[in-house]
Amino acid sequence: MTPSGTNPRPGVGEGDRESISAAWELLLPVASAPARGRGRALQSALREAVRSGRLAPGTRLPSSRELAADLGVSRGLVTEAYEQLTAESYLRSGRGAGTWVSGAVRAAAGGARDLAPRARGVRVDFRPGTPDLSLFPRSAWAAAHRSVLGRLPHHALGYPDPRGLPELRNALAALLTRRRGVVADPERLLVCSGVAQATTLLGFVLHGRGVRTVGVEDPGSPEHTALFASAGVATAPVPLDDEGLALEPLVRSGVRAVVTTPAHQFPTGVAYSAARRSRLLEWAREVDGLVVEDDYDGDFRYDRAPVGALQGLDPEHVAYTGSVSKSLAPGLRLGWLVAPASMTDELVDRKRTMDLGNPALDQAVLADFVTGGGYDRQLRRCQRAYRERRDALTRALAEHFPGTEVSGIAAGLHIIARLPERWGPEKEFAARAADAGIAVRLLRDHGTQRPTDGCVRLVLGYAHLAPADIARGVRALAGSRPNTG
């Protein structure tokens with residue numbers, strides 16, 4: 001092969017020379033590669049030249065003798081590279097016809113995109129659902145990681161029990177029993193990739209049992225609808241009242257399974273009353289149904305001890321789900337599902353076919369972190385920080401939006417703020433906030449109910465924001481000119 005500007009060789013057309021010249025810079029480093037690695041380097045460079053389109057389909061390549069001379073390598077090395085890439089369909093050749101770039105290859109796509117949700121162009125982001133990732137206990141987690149790697153037996157790196165490592169299931173069962181009042185038999189506990197996978201697993205099993213519709217809270221988390229839809233199950237919105245899920249609409253809906261967030265309803269912030277919790281379980285027994293309990297932030301309550309999990313009252317009619325997404329980090333993708341005995345085998349079978357189990361090393365590290373006391377320390381640390389930030393948000397709202405009502409219990413990672421009517425209408429307020437670089441979420445975006453009093457109702461997340469950022473963001477929101485008409 002000759003670089004651009006040298007004399008062309010017989011049998012290589014003008015288009016071929018241009019294509020070969022464009023690929024030259026990819027092949028040139030082969031000459032300086034270590035002797036033992038030149039063959040692999042040449043094959044890799046040729047593949048990349050074809051994939052990227054620098055060597056276009058139909059391009060005739062130089063003979064093995066010519067390319068070997070240009071690169072300063074043996075002819076056998078080039079011949080071997082041509083034969084290997086011909087076997088892989090990157091090149092084609094015929095006796096006495098030379099070697100050509102195959103038409104089977106298409107130019108590779110560009111670099112990998114990052115589709116993770118990011119707040120771009122936003123000064124302060126009040127949207128709910130994100131913990132403070134800077135609180136992740138890096139040193140303690142790294143120490144647990146080193147400790148686990150040092151003692152983990154080789155066989156533990158094989159395919160795990162699809163339910164999860166026994167040591168993690170034992171640790172989580174003890175934790176959930178102690179902190180949340182869950183009846184947690186390790187044999188009925190599945191380690192999942194967060195509540196999202198737990199919900200999807202339940203959807204598949206319910207679908208297999210003939211269930212086609214599941215009730216969901218209205219307003220509630222929109223993710224539930226999408227997760228059940230992936231399993232072929234539709235959702236029916238069930239309204240809430242001041243005590244929790246409204247029972248009469250639930251009965252009228254005809255569903256036999258419903259998703260709830262009883263400890264701290266998302267997004268209204270209501271804690272289900274004792275009477276409503278009891279009546280909900282009575283409904284489940286009457287219809288032989290299932291209550292799915294999403295305990296997404298049940299550990300965080302700031303005015304009293306958290307209310308225990310609903311599952312502890314009737315483990316056979318409640319499937320309990322939770323994760324470390326709010327306490328550690330959502331990127332760990334570690335959660336759990338405590339299943340009724342009658343569903344456990346079906347859930348385990350579905351989990352096995354879905355992913356063969358969660359990563360064994362990550363499970364072992366979490367087990368060590370829980371049993372060593374690190375998880376309890378992390379919860380206490382987050383509890384202090386999030387309570388301080390909730391207080392900072394309510395103070396800032398009282399200062400800059402006098403007359404604002406904050407509803408729901410003092411818990412979790414978000415509040416509901418009802419601004420005075422003069423700050424509406426809601427769509428105009430949201431537009432002004434966006435113009436000011438402040439990201440907010442309207443309560444109306446979480447359900448079908450549409451209040452008609454003209455007030456702005458916001459779901460404001462605060463856990464991921466420093467108190468100074470909270471104050472700055474609320475001040476900027478108040479600086480947007482309200483509708484004074």
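Which of Gln197, Tyr375, Pro402 sits farthest toward the positive end of the charge dipole of the chain, with +1 on the Cβ of Lys and Arg and -1 on the Cβ of Asp and Glu?
Of Gln197, Tyr375, Pro402, it is Tyr375.
Could you give the nm distance between label points at Tyr302 and Arg36, where each point is 7 Å from its Cα heading toward the beta carbon?
Calculated label separation equals 6.2 nm.
Take the alpha carbon atoms of the range 253-274, find their center, do the same for the range 316-375, and report the distance between the two centers in whole angstrom.
Comparing the Cα centres of the range 253-274 and the range 316-375, I get a distance of 22 Å.
With a Förster radius of 45 Å, plug the Cβ-Cβ distance of Ala97 and Ala156 into 1/(1 + (r/R0)^6) and report the FRET value to the nearest 0.05. Don't skip to the answer; put the middle values down first.
Numbers: r = 56 Å, r/R0 = 1.23.
Between Ala97 and Ala156 the formula returns 0.20.
What is the gain in length, in nm to one decimal, between Ser74 and Arg138 on full extension, counting 0.36 nm per residue of separation less the C-alpha to C-alpha distance?
This chain segment gains 17.9 nm when fully extended.
Taking all protein chains together and a probe of 1.4 Å, list Met354, Met343 from the most accessible to the least accessible.
The most accessible residue leads, giving Met354, Met343.
Just from its helices, what would the mean residue ellipticity at 222 nm be for the chain, if runs of 4 or more DSSP H residues each count -39500 (n - 2.57) and the sum is divided by every residue, rounded to the nearest 500 deg cm²/dmol?
-13000 deg cm²/dmol
Can you pull the one-decimal nm distance between simple spin-label points at Asp185 and Thr86, each 7 Å off the Cα toward Cβ?
6.5
Would you work out the charge dipole size for the chain about its Cα centre, treating the Cβ of every Lys and Arg as +1 and the Cβ of every Asp and Glu as -1, and quote it to the nearest 20 debye?
The calculated dipole for the chain is roughly 1280 debye.
Considering only Ala143, Gly412, Ser327, whose Cα is most displaced toward the positive end of the charge dipole of the chain, charges sitting on Cβ of Lys, Arg (+1) and Asp, Glu (-1)?
Selected residue: Ala143.
Using +1 at the C-beta of Lys and Arg and -1 at the C-beta of Asp and Glu, which of Thr261, Val233, Ser278 has the Cα lying farthest in the positive direction of the dipole of the range 233-280?
Of the candidates, Val233 comes out farthest on the positive side.
Could you work out the equivalent-ellipsoid semi-axes for the range 354-422, taking the square root of 5 times each eigenvalue of the Cα gyration tensor, largest first, in whole Å?
39, 16, 8
Full extension from Glu48 to Arg118: what is 0.36 nm times the residue separation minus their Cα-Cα distance, to one decimal in nm?
22.0 nm
Please sort by residue number the trypsin sites (Lys or Arg not before Pro) in the range 70-124 whose DSSP state is loop and whose Cβ has at most 15 other Cβ atoms within 10 Å. Display every interim value, and only then the final one.
Working: sites: Arg75, Arg92, Arg95, Arg106, Arg113, Arg118, Arg120, Arg123; in loops: Arg95, Arg106, Arg113, Arg118, Arg120, Arg123.
Hits after loop and neighbour filter: Arg95, Arg106, Arg113, Arg118, Arg120, Arg123.
Given the chain, what percent of its DSSP beta bridges are antiparallel, to the nearest 5?
Just about 60 percent of them are antiparallel.
Would you please state which residues of the range 143-170 a label at Leu361 would reach in this model, taking the label point 7 Å out along Cα→Cβ and a backbone N cut-off of under 18 Å?
The answer is 143-161, 165, 168.
At Arg212 and Ala229, where each label point lies 7 Å from the Cα along Cα→Cβ, what is the point-to-point distance in nanometres?
1.8
With all protein chains present and a 1.4 Å probe, how do Glu243, Glu421 order by accessible area, largest first?
Glu421, Glu243
Taking the chain on its own, what percent of its Cα-Cα pair distances exceed 34 Å?
The answer is 52 percent, as a whole percent.
Full extension from Arg252 to Asp435: what is 0.36 nm times the residue separation minus their Cα-Cα distance, to one decimal in nm?
The span from Arg252 to Asp435 would gain 61.5 nm if fully extended.
In Å and from the alpha-carbon atoms only, list the Rg and Dmax of the range 426-478.
In order Rg, Dmax, the Cα atoms of the range 426-478 give 12.0, 34 Å.
Please give me, ordered by residue number, the GluC sites (Glu not before Pro) of the range 69-157 that lie in loop per DSSP and have at most 14 other Cβ atoms within 10 Å.
In loop regions of the range 69-157 (DSSP not H, G, I, E or B), the sparsely surrounded GluC sites (Glu not before Pro) are Glu88.
The values are calculated or read from the model by the stated rules, or taken from the named source; none is laboratory data. All figures in this text were calculated on a predicted structure; none of them were measured in a lab. A quick note on method: Cβ atoms are made from the backbone with ideal geometry, for glycine too, and the neighbour counts reach across all protein chains shown. These area figures cover heavy atoms from the full protein model, side chains too; ligands, DNA and RNA do not enter into them. Shrake-Rupley method; radii C 1.70, N 1.55, O 1.52, S 1.80 Å.
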